[in-house]
Amino acid sequence: QVQLVESGGGLVQPGGSLRLSCAASGFSASSAVMQWFRRPPGKEREWVASISDGSSTDYSASVKGRFTISRDYVKNTVYLQMNSLKLEDTAMYYCFGKGYWGQGTQVTVSS
């Protein structure tokens, strides 16, 4: 069964950091394009970052230079390292790959 499970969300102050994890099962995340999306409260879901099967990365303009997407081949897990967090980064964060969505993990940036 294909499954994506996100974790690592929480409450953090502006300027702080969090690392989100997306654990994949039922397929190899290393052979697929993996992506992170987020949905701010009251807004539409938006794309955040992607990593290809060749490990090339891409980011939305709003997070470029602050977020880093990466992959652990042994653990079959994709990460999103989030630094210099801003209030507008508050959202439910979702992992997407192989046509499947994870359940999401909440990130709240507040002073």
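Taking the Cα of TYR73, stepping 7 Å toward and past its beta carbon, and measuring to each backbone N in the range 2-42: which are under 11 Å?
Residues 30-31 fall inside that zone.
What accessible area per residue comes out for the chain, rounded to a whole number of Å², with a 1.4 Å probe?
52
Testing the spin-label approximation: label points 7 Å from Cα along Cα→Cβ at ARG66 and GLU46. State their distance in nm.
Between ARG66 and GLU46, the label points sit 1.0 nm apart.
How high is the FRET efficiency from VAL33 to ASN83, r the C-beta distance, R0 30 Å, rounded to 0.05?
Rounded to the nearest 0.05, the efficiency is 0.80.
Once Rh is set to the Kirkwood radius over Cα pairs, what Stokes-Einstein translational diffusion coefficient, in µm²/s, holds for the chain at a temperature of 10 °C and a viscosity of 1.306 mPa s?
115
Within the accessible area of the chain, what % is carbon and sulfur when the probe is 1.4 Å and the other protein chains stay in place?
48
Calculate, in nm to one decimal, what SER55 and ARG19 gain on full extension: separation in residues at 0.36 nm each, minus their alpha carbon distance.
Numbers: separation 36, 0.36 × 36 = 12.96 nm, distance 1.83 nm.
Going from the current span to full extension adds 11.1 nm.
The values are calculated or read from the model by the stated rules, or taken from the named source; none is laboratory data. Because the structure is a prediction, the values reported are computed rather than measured. Neighbour counts are summed over all protein chains in view; Cβ atoms, including those assigned to glycine, are modelled from backbone coordinates with ideal geometry. These accessible areas exclude ligands, DNA and RNA; they are computed on the full protein's heavy atoms, side chains included. Shrake-Rupley method; radii C 1.70, N 1.55, O 1.52, S 1.80 Å.
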